[in-house]
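First up is the structure itself, then whatever we jot down about it.
The values are calculated or read from the model by the stated rules, or taken from the named source; none is laboratory data. Since we're looking at a predicted model, the values are computed, not measured. We place every Cβ from the backbone using ideal geometry, glycine too, and count neighbours over all the protein chains shown.
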Amino acid sequence: MMYPVHEAIENLSGLGGIGLYGVVMMIALILGDYSLLLRLLITLVVLYAVTVIIRSLYFKERPEKRKYNNAIGKIDASSFPSLHSARALALAVIIGISLQNIILLAFLLFSALVVAATRVLLKKHDIIDILGGAIMGVIFGLLTFLLHFAF
C-alpha cells in the first residue's frame, strides 16, 4: 500500500522522468521548433550513452539496493549518476536558454531541485549521484548551444 505522501513524492520525481522530457520534445515538434527538438534529442541520447558507459565501468549501489541478474539489470541497479537529475537539469538549461525566459528558467531549476530531493527521499540516489547527474545535465545541455550542431 502506498501512502499519500509517498505517492506525491513519486509523482514529483516524475518531473525528471523520460515522460515529461518526451512531452516537451513533442511540443517542440508540434510547434515546428526543430532546433529545440534537435537539442533536446541530442542531449537525451548523449545523457543515456554517458550514463550507460559510467554505470558499466563503475557500479555504485543505490541507497536501497536492487537485485540484478544480467548486465542490463546491473546498469539499472547502479545509482551513479542520477539520470533523473541529468534530464531535469538538461531540460531546464535547454528550455531556459532557447526561450530566454528567466521566470521559466527559475521554475525549471526549482523543479530540478525538487526532482533531486525526491530521488534522495525515495532512496534511489544519494547526494553524490544527484550532483553527478546535475553536472552532466548542465554540461551536455550547454554543449548543444556551444557546439551549435548546425542549427
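Quick notes on this one:
- Output for the stretch 52-62, where each listed residue is in contact with a Phe, Trp or Tyr (Cβ under 9 Å, 6 or more places away or on another chain) and either of a type in the set (A, V, I, L, M, F, W, C) or part of a helix (DSSP H, G or I) (or both): Ile54, Arg55, Phe59
- Taken across the stretch 79-95, residues that are over 12 Å from the mean Cα position of the chain (by Cα) and over 26 Å from Leu147 (Cβ atoms) do occur, with at least one present.
- Of all residues in the stretch 63-101 being in contact (Cβ under 8 Å) with a residue 24 or more places away in the chain, assigned to a loop (DSSP other than H, G, I, E, B) and touching an Asp or Glu at 6+ places or on another chain (Cβ under 8 Å), the one that is farthest from Leu38 (Cα to Cα): Pro63
- Reported count of residues in the stretch 107-126, each being over 16 Å from Leu36 (Cβ atoms), outside any loop (DSSP other than H, G, I, E, B) and within 15 Å of the chain's Cα centre (by Cα), is 12.
- The residue pairs whose first member lies in the stretch 134-145 and is over 15 Å from Ala49 (Cα atoms), whose second member is of a type in the set (S, T, N, Q) and outside any helix (DSSP H, G or I), and whose beta carbons are closer than 9 Å, counting only pairs six or more residues apart or on different chains, are Ala134/Ser82.
- Hits in the stretch 92-126 (condition: among the β-branched types (Val, Ile, Thr) and touching a helix residue (DSSP H, G or I) at 6+ places or on another chain (Cβ under 7 Å)): Val93, Ile94, Ile95, Ile97, Val114, Val115, Thr118, Val120
- Condition met for Leu38 (under 17 Å from the mean Cα position of the chain (by Cα), assigned to a helix (DSSP H, G or I), modelled with pLDDT under 95 and buried (at least 16 other Cβ atoms within 10 Å of the Cβ)): yes
- Taken across the stretch 20-27, residues that are part of a helix (DSSP H, G or I), surrounded by 15 or more Cβ atoms within 10 Å (Cβ to Cβ) and among the hydroxyl-bearing types (Ser, Thr, Tyr) do occur, with at least one present.
- Going through (1) at pLDDT 90 or above; (2) in contact with a helix residue (DSSP H, G or I) (Cβ under 8 Å, 6 or more places away or on another chain) one by one, Gly14 falls short only on (1).
- For the stretch 43-61, the criterion of being surrounded by 21 or more Cβ atoms within 10 Å (Cβ to Cβ), in contact (Cβ under 8 Å) with a residue 60 or more places away in the chain and either over 16 Å from the mean Cα position of the chain (by Cα) or closer than 16 Å to Val24 by Cα (or both) is met by at least one residue.
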